[in-house]
Amino acid sequence: MGVGCKAQPATPAQNEEMIRRIETVVRAQYGIPSDIVIVLGARKPSQLAGYDSLQVTMQKSGQSQVVDFLISTDNKTLAHLETYSLTDYPLFDLTNRPVRGNPAAKVTVINYDDLECPYCAQMHQSLFPATLNRYKDTVRFIYKGNPLVSIHPWAMHAAVDSNCLAEQGGEAYWAYVDYIHSHANEVNGEDRDLTKSFERLDLIARQHATLNKLDEARLNACMAKQDESAVRATMKEAETLRVEGAPALFVNGVRVEGAIPQAEIWKVLDKVLRAEGVTPPAAVPAPAAPASAMPSQAKPEPPGN
């Protein structure tokens, strides 16, 4: 069963956007997987001034569960013991974040990323270029810094440098992120000297600034300052979303944590695209076995597969 969000009666585009926001908040906040369908009931007056009652039904395989929410009459707040903003919720705050893909796409992948994390590097390699090439203009990708500073000593510096590049354009930012995620050993160095790692990160940033014809004086001033406030803000967002590690993806609110296989990422994207009324790309056929291969040469599958 594919994901979806329905309401009665049918509503204009503005209310459809509100429905999408409610579903995104519910999925992200409660970790609702993509194979569970969310159906919104009709709004009714509640006993709490300024709020209507809203029943949210979660359905899967013929079973359903109803959860009671409150929604403010000004459409700004959703409440269920706790309140969640429908205007400045972390997954809607994309201010100054470089976009890869179609900026107007209906499906948004937000990745809370750590540039020093090897699992994040695996996830990044699954997304780019293969996933971007597969989904083309139907999906947009946005990264937010979530360096795990207790175990990754240069991740914060890398996040700050990437933001300095982002201030002047997305191309240099994405080129830097691509490079760092595939050259962590170069940043570490053989002696793992942290000061040298910082110097290498700055040098790599300057190289990408030169290639993209950025204002290098402005970049140098930004990197010298090493202002962590913007990164700390997105780290706080991750905490609000109960993200416990990296990477952590949210696909229109559907949570995907850890470096899962590329095929699993594509399954989530396909389901979310269908929920948005967008036909996903055709399935990729499995590679054919070599003509010379004999049945006796096939490797047995592990038990349980």
Report task. Among the residues of segment 230-268, write down those that are in contact with a Leu (Cβ under 6 Å, 6 or more places away or on another chain) and at pLDDT below 95. Result -> Val256
Query raised in the report: Restricting the search to segment 50-62, which residues are more than 20 Å from Asn15 (Cβ to Cβ) and outside any strand (DSSP E or B)?
Result: Ser61, Gly62
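Residues are listed down the side, and each one gets a yes or a no for (1) modelled with pLDDT of 90 or more; (2) in contact with a Gly (Cβ under 6 Å, 6 or more places away or on another chain); (3) under 29 Å from Ala238 (Cα atoms):
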| site | (1), (2), (3) |
| --- | --- |
| Gln8 | no, no, no |
| Gln14 | no, no, yes |
| Thr24 | yes, yes, yes |
| Gly31 | yes, no, yes |
| Ile36 | yes, no, yes |
| Gly41 | yes, no, no |
| Gln47 | no, no, no |
| Lys60 | yes, no, yes |
**Report entry** Filter result (without any contact (Cβ under 8 Å) to a residue 60 or more places away in the chain and exposed (fewer than 12 other Cβ atoms within 10 Å of the Cβ)) within segment 69-99
**Finding:** Asp74, Leu81, Glu82, Thr87, Asp88, Thr95
Query raised in the report: What about Leu148, is it within 26 Å of Leu269 (Cβ to Cβ) and assigned to a loop (DSSP other than H, G, I, E, B)?
Result: yes
Report task. Could you figure out which of (1) in contact with a helix residue (DSSP H, G or I) (Cβ under 8 Å, 6 or more places away or on another chain); (2) of a type in the set (A, V, I, L, M); (3) crowded, with 22+ Cβ neighbours inside 10 Å isn't true of Ala155? Result -> (1)
Report summary line: Checking Ser150, Ser162 in turn, the sole residue that is without any contact (Cβ under 8 Å) to a residue 24 or more places away in the chain and farther than 20 Å from Thr279 by Cα turns out to be Ser150
Requested in this report: Can you run down the residue pairs with Cβ atoms below 6 Å, 6 or more apart or on separate chains, where the first is in segment 244-256 and within 16 Å of Ser126 (Cα to Cα) and the partner is of a type outside the set (A, V, I, L, M, F, W, C) and modelled with pLDDT under 95?
Outcome: Ala248/Glu257
Query raised in the report: List, please: which pairs have Cβ atoms under 7 Å, are six or more places apart or on different chains, and start with a residue in segment 200-222 that is touching a residue at least 12 places away in the same chain (Cβ under 8 Å) and end with one that is of a type in the set (D, E, K, R) and crowded, with 19+ Cβ neighbours inside 10 Å?
Result: Leu201/Asp161; Asp202/Asp161; Ala205/Asp161
Query raised in the report: Could you say whether any residue in segment 151-170 is at pLDDT below 95, in the same structural domain as Lys267 (by TED's automatic domain parsing) and over 26 Å from Gly253 (Cβ atoms)?
Result: yes
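The values are calculated or read from the model by the stated rules, or taken from the named source; none is laboratory data. The model shown is predicted, which means the values in this text are computed figures rather than measured ones. So basically every Cβ, Gly included, is an ideal-geometry build from the backbone, and we count neighbours across all protein chains shown.
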